[in-house]
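Working notes for the structure below.
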Amino acid sequence: MLRTAIALLAMVTAGCSLATEQQPQQGSQQTVTLVTHDSFAVRKELLDEFQKTSGIKVEVRKSGDAGALTNQLVLTKANPIGDIAYGVDSTFASRALNENVFQPYEAQGANKRYQLDATNRLTAIDIGDVCVNVHTSGLKGTAEPTTFEDLADPKYKDMLVVESPATSSPGLAFLLGTILHFGEDGWQGYWTKLKANGVKVVSGWEEAYNQEFSGTGKGTRPLVVSYASSPAATPDTKALLETCYRQVEYAGVLQGAKNPEGAKKVLDFMLSQQFQAEVPDQMYVYPAREGVALPEAWQKSAPMPGDVEATLPAQDVDRNRESWVNQWRSLVQG
């Protein structure tokens, strides 16, 4: 993905403030282990600056995608593999909360809009809207689709590639988006139409976007399930905002963490103006902290979808996820 350095006056000002507030005492060097998914990215220079001003070295340990990360955190909760975890998203968050993986902590700068429970066990770090993306010239003169219904139209036969909801976080988000849009009684019929219209299912985002999608110059399919932010990195593409489903990624201090106080400082750092300002260009998601400006390129090609948030209640997803995925398997892969 495109990586562009962000130089903002607000970052410099906030950085000076952070340095003043967090000057470490001599001999106070410590390590905090951050467990995260494979898509986590942060500039080494930013981590080095945090280490210099706080005395905390952040050791990053990657653990697959959001689903695999959540599963590992649950399986190891009696003997946690880190101090803090980032990347449990809104489709899996209820499971982590039910399993008591995280401990309460109200982080500085937390956006209460995305708070999941009263104990502040998970803190929103970024927002990613999963939407169908279209490669405009790849349609070869066919009018662009705009809605879920359009994707099942025969004029778009063999054009759409999606990720499996059984193995992919964006794939699951797209399935949930269809359930939200068509309802419990209608989504199965919709997927039957997509199957008849030649939808291709692959295991994950990397394969779908970078191998099958024509917008990257490698694939043949001009329609792909990706993110509202993806067009900022891929020219001649756009997101179909009527197909979006909102995902929120969270971080939290793990129960049984060896260094919980250090983990709390890392969580505060992840909500700082410095860190949040770099979230778009480093991880291609939107910052969760209010008041953080998007890069200029994003404002033009990947503006954040409006305030109407397309998402199902977390408790509904937790209760029905396995059943919905099994039904999808029978319909599409059976």
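The values are calculated or read from the model by the stated rules, or taken from the named source; none is laboratory data. Predicted model, so just to flag it, every value in this text is computed and none were measured. As a convention, Cβ positions derive from the backbone with ideal geometry for all residues, glycine included, and neighbour counts pool all protein chains shown.
Listed here are the residues, each with its yes/no results for (1) hydrophobic (A, V, I, L, M, F, W, C); (2) surrounded by fewer than 18 Cβ atoms within 10 Å (Cβ to Cβ); (3) modelled with pLDDT of 95 or more; (4) closer than 30 Å to GLY217 by Cα.
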| residue | (1), (2), (3), (4) |
| --- | --- |
| VAL74 | yes, yes, yes, no |
| ILE84 | yes, no, yes, no |
| ILE125 | yes, no, yes, no |
| VAL134 | yes, no, yes, yes |
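Going through ALA118, ALA110, ALA85, ALA93 one at a time, which residue ends up being among the small types (Gly, Ala, Ser) and free of Cβ contacts under 8 Å to residues at least 24 places away in the same chain?
Working: ALA110 fails: free of Cβ contacts under 8 Å to residues at least 24 places away in the same chain; ALA85 fails: free of Cβ contacts under 8 Å to residues at least 24 places away in the same chain; ALA93 fails: free of Cβ contacts under 8 Å to residues at least 24 places away in the same chain.
Selected residue: ALA118, the only one of ALA118, ALA110, ALA85, ALA93 that is among the small types (Gly, Ala, Ser) and free of Cβ contacts under 8 Å to residues at least 24 places away in the same chain.
Are there any strands (runs of 3 or more DSSP E) wholly within segment 27-96 with 3 or more residues that are over 15 Å from the mean Cα position of the chain (by Cα), and if so which? Spell out how you get there, then give the answer.
Details: elements: 30-36, 56-62, 84-89.
Of the strands (runs of 3 or more DSSP E) lying wholly inside segment 27-96, those with at least 3 residues that are over 15 Å from the mean Cα position of the chain (by Cα) span 30-36, 56-62.
Pick out the one residue from LEU271, LEU267, LEU241 that is under 30 Å from GLU144 (Cα atoms) and either in the same structural domain as LEU176 (by TED's automatic domain parsing) or under 18 Å from the mean Cα position of the chain (by Cα) (or both).
Working: LEU271 fails: under 30 Å from GLU144 (Cα atoms); LEU267 fails: under 30 Å from GLU144 (Cα atoms).
Answer to the check: LEU241.
Would you confirm, using the coordinates I've provided, whether SER214 is closer than 20 Å to SER39 by Cα, surrounded by fewer than 23 Cβ atoms within 10 Å (Cβ to Cβ) and not hydrophobic (A, V, I, L, M, F, W, C)?
Working: closer than 20 Å to SER39 by Cα: no; surrounded by fewer than 23 Cβ atoms within 10 Å (Cβ to Cβ): yes; not hydrophobic (A, V, I, L, M, F, W, C): yes.
Judged against the criteria, SER214 is not a match.
Might you check whether a residue that is of a type in the set (D, E, K, R) and either over 20 Å from the mean Cα position of the chain (by Cα) or farther than 30 Å from ARG61 by Cβ (or both) occurs anywhere in segment 218-231? Write out each step before concluding.
Quick first cut of segment 218-231, residues of a type in the set (D, E, K, R) only: 218, 221.
Then keep just the ones that are either over 20 Å from the mean Cα position of the chain (by Cα) or farther than 30 Å from ARG61 by Cβ (or both); that gives 218, 221.
So far as segment 218-231 goes, yes, one or more of its residues are of a type in the set (D, E, K, R) and either over 20 Å from the mean Cα position of the chain (by Cα) or farther than 30 Å from ARG61 by Cβ (or both).
Please pick out the residue among ALA293, ALA297 that is over 26 Å from PRO104 (Cα atoms) and in a loop (DSSP other than H, G, I, E, B).
So the residue among ALA293, ALA297 that is over 26 Å from PRO104 (Cα atoms) and in a loop (DSSP other than H, G, I, E, B) is ALA293.
So, in segment 136-177, of the ones that are among the β-branched types (Val, Ile, Thr) and farther than 18 Å from PHE213 by Cα, which residue ends up surrounded by the fewest Cβ atoms within 10 Å (Cβ to Cβ)? Quick ask: steps written out before the conclusion?
The first filter runs over segment 136-177 and keeps only residues among the β-branched types (Val, Ile, Thr), leaving 136, 142, 146-147, 161-162, 167.
Next, only the ones that are farther than 18 Å from PHE213 by Cα stay: 147, 167.
On the way: THR147: 13, THR167: 16.
Looking at residues that are among the β-branched types (Val, Ile, Thr) and farther than 18 Å from PHE213 by Cα, I get THR147.
Test VAL253 against the stated conditions and say whether it is buried (at least 22 other Cβ atoms within 10 Å of the Cβ) and more than 18 Å from SER168 (Cα to Cα).
On the way: buried (at least 22 other Cβ atoms within 10 Å of the Cβ): yes; more than 18 Å from SER168 (Cα to Cα): yes.
Answer is yes for this residue.
Scan (1) in contact with a Ser or Thr (Cβ under 6 Å, 6 or more places away or on another chain); (2) over 23 Å from ASP38 (Cβ atoms) for the single condition GLN327 breaks and write down its number.
Condition (1) is where GLN327 drops out.
For segment 250-264, check the following and say yes or no: at least one residue is under 30 Å from LEU223 (Cα atoms) and either touching a helix residue (DSSP H, G or I) at 6+ places or on another chain (Cβ under 8 Å) or acidic (Asp, Glu) (or both). First the steps, then the outcome.
From segment 250-264, those under 30 Å from LEU223 (Cα atoms) are 250; that's our starting set.
Adding the requirement that they be either touching a helix residue (DSSP H, G or I) at 6+ places or on another chain (Cβ under 8 Å) or acidic (Asp, Glu) (or both) leaves 250.
Looking through segment 250-264, at least one residue is under 30 Å from LEU223 (Cα atoms) and either touching a helix residue (DSSP H, G or I) at 6+ places or on another chain (Cβ under 8 Å) or acidic (Asp, Glu) (or both).
Can you tell me which condition SER94 does not meet? The list is (1) at pLDDT 90 or above; (2) not assigned by TED's automatic domain parsing to the domain that holds ALA310, and all the others hold.
(1)
I'd like the full set of residues that are over 11 Å from GLU242 (Cβ atoms) and charged (D, E, K, R), limited to segment 130-151.
Step one: filter segment 130-151 for residues over 11 Å from GLU242 (Cβ atoms), giving 130, 133-144.
Within segment 130-151, LYS140, GLU144 meet the criteria.
Return the pairs, sorted by first residue and then second, in which the second residue is hydroxyl-bearing (Ser, Thr, Tyr) and not in a helix (DSSP H, G or I), the first residue lies in segment 314-332 and is surrounded by fewer than 16 Cβ atoms within 10 Å (Cβ to Cβ), the beta carbons are less than 9 Å apart, and the residues are 6+ apart or on different chains.
ARG329/SER164
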